[in-house]
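A.B. asks: Dumping the structure here so I can ask a few things about it.
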Amino acid sequence: TNPKPAYRRILLKLSGEALMGEEGFGIDAKVLDRMGQEIKELVELGIQVGVVIGGGNLFRGEGLAQAGMNRVVGDHMGMLATVMNGLAMRDSLHRAYVNARLMSAIPLKGVCDDYNWAEAISLLKTGRVVIFAAGTGNPFCTTDSAACLRGIEIEAEVVLKGTKVDGVYSDDPVKNPEAVKYDTMTYNEVLDKELKVMDLAAFTLARDHNMPILVFNMNEPGALRRVIMGEQEGTLINA
Ligand code: UDP
């Protein structure tokens, strides 16, 4: 049997922390390349892949602001951190012979391309992986907002949120052994139960535009592929 993928075009959100692996800071090259390989598998299945990458492994504006720094400047640094991760991911994909482009919401001439909606779509249609960096380009936002925004813009069928847990639980599974995992949920169930899937701005953007969100464990090799093949994996949130 040769089952068909469940999706044609996806937006994959990778947190900066996912790239950190066992290290406390920065990028673990082995983890980076493993993720590159998993993305390559999707491309080989004919799936159009947009990637939004976080920056939390390097800088977070909020943390810097708490330490006394101007929040806007801290967020600029956070957005530049996502560009650094994006450069690393593009390099990893290129080394794996995957055609990939990096587009930044903050222009960085000579380093990567500027974000361009129409160009991103035509690149996706020709099988290029498009990495979207610098978040939304605006402070006081997160890369989860950027993932939902870009996902909606490129008309992805789903935003796949790769995290370090295997889905959405009724409570913190680390602290509460009774916590149960949900296979599917509606947007309203997530809001009613006040479960933290994403920040509220990102989540309501997805809800308002009917963009399904699937939360899964990116640290588990093969999980991304199972998600793509429509197997029960992680938690799917939709209307
Ligand atoms: N950021 C921002 N605007 C955006 C996206 C990100 O200002 O649209 C900044 C913000 O400071 C954030 C940092 O970039 O803390 C890194 O992004 P995020 O925390 O979302 O990364 P992740 O948690 O996914 O690693």
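Read-outs: derived from the displayed coordinates by stated rules, not from any lab. Values in this document were obtained by computation on a predicted structure and should not be read as measured data. Cβ coordinates were reconstructed from backbone atoms using ideal geometry, including for glycine residues, and neighbour counts include every protein chain displayed.
A.B. asks: R0 = 30 Å: FRET efficiency of LEU108 with GLU23, Cβ-based, nearest 0.05? Write down the numbers at each step before the final one.
C.D. replies: Working: r = 25 Å, r/R0 = 0.84.
With a Förster radius of 30 Å, E is 0.75.
A.B. asks: Take GLN232, project a point 7 Å from its Cα along the Cβ direction, then tell me which residues of the range 156-173 have their backbone nitrogen under 17 Å from it.
C.D. replies: Answer for the range 156-173: 166-170.
A.B. asks: Over the chain, what per residue volume does the convex hull of the Cα atoms give, in whole Å³? Show your work: numbers first, answer last.
C.D. replies: On the way: hull volume 31.3 nm³, N = 239.
Convex hull volume per residue, Cα atoms: 131 Å³.
A.B. asks: Please state, as a whole number in µm²/s, the translational diffusion coefficient that the Stokes-Einstein equation yields for the range 72-195 at 37 °C and 0.692 mPa s, with Rh defined as the Kirkwood radius across alpha carbon pairs.
C.D. replies: On the way: Rh = 16.5 Å.
It diffuses with D of about 199 µm²/s by this estimate.
A.B. asks: Order 219-227, 10-18, 119-127 from most to least packed using the mean count of other Cβ atoms within 10 Å. Show your work: numbers first, answer last.
C.D. replies: Numbers: 219-227: 16.8, 10-18: 24.4, 119-127: 15.1.
In descending order of packing, they fall as 10-18, 219-227, 119-127.
A.B. asks: Run down the aspartates and glutamates and flag those whose C-alpha is under 19 Å from the C-alpha of LYS125, throwing out any fewer than 8 positions away in its chain.
C.D. replies: Excluding near neighbours in sequence, the set is GLU41, GLU44, ASP113, ASP114, GLU153, GLU155, GLU157.
A.B. asks: If the cut-off is 24 Å between C-alpha atoms, which lysines fall inside it for LYS164, apart from same-chain ones fewer than 8 positions away?
C.D. replies: The qualifying lysines are LYS13, LYS30, LYS40, LYS175, LYS181, LYS193, LYS196.
A.B. asks: Nearest 5 percent is fine: what portion of the DSSP beta bridges confined to the range 84-239 is antiparallel? Don't skip to the end; give the middle numbers.
C.D. replies: Working: 5 of 20 bridges.
Rounded to the nearest five, the antiparallel share is 25 percent.
A.B. asks: Suppose every K and R has +1 on its Cβ and every D and E has -1 on its Cβ; what is the size of the dipole of the chain about the Cα centre, in Debye to the nearest 20?
C.D. replies: The calculated dipole for the chain is roughly 640 debye.
A.B. asks: Another question, then. So who's got an amide H within less than 5 Å of the one on THR184, skipping anything under 5 residues away but keeping other chains? H placed 1.01 Å off N, in plane.
C.D. replies: LEU236
A.B. asks: I've got another one for you. What FRET efficiency would be calculated for the residue pair ALA6, MET69, taking the C-beta separation as r and a Förster radius of 35 Å, to the nearest 0.05? Write out the running numbers ahead of the final one.
C.D. replies: Values: r = 43 Å, r/R0 = 1.24.
With a Förster radius of 35 Å, E is 0.20.
A.B. asks: Starting from the 7 Å offset along Cα-to-Cβ, what nm value, one decimal, do you get for the label separation of THR204 and LYS164?
C.D. replies: 2.9 nm
A.B. asks: Packing-wise, with mean Cβ within 10 Å as the measure, how do 128-137, 104-113 rank, highest first? Don't skip to the end; give the middle numbers.
C.D. replies: On the way: 128-137: 25.6, 104-113: 14.9.
Going from most to least packed, we get 128-137, 104-113.
A.B. asks: Tell me the mean residue ellipticity at 222 nm calculated for the chain from its helices only (DSSP H runs of n ≥ 4, each -39500 (n - 2.57), averaged over every residue, nearest 500). Write down the numbers at each step before the final one.
C.D. replies: Numbers: 9 runs with 93 residues, N = 239.
It comes out at -11500 deg cm²/dmol, rounded to the nearest 500.
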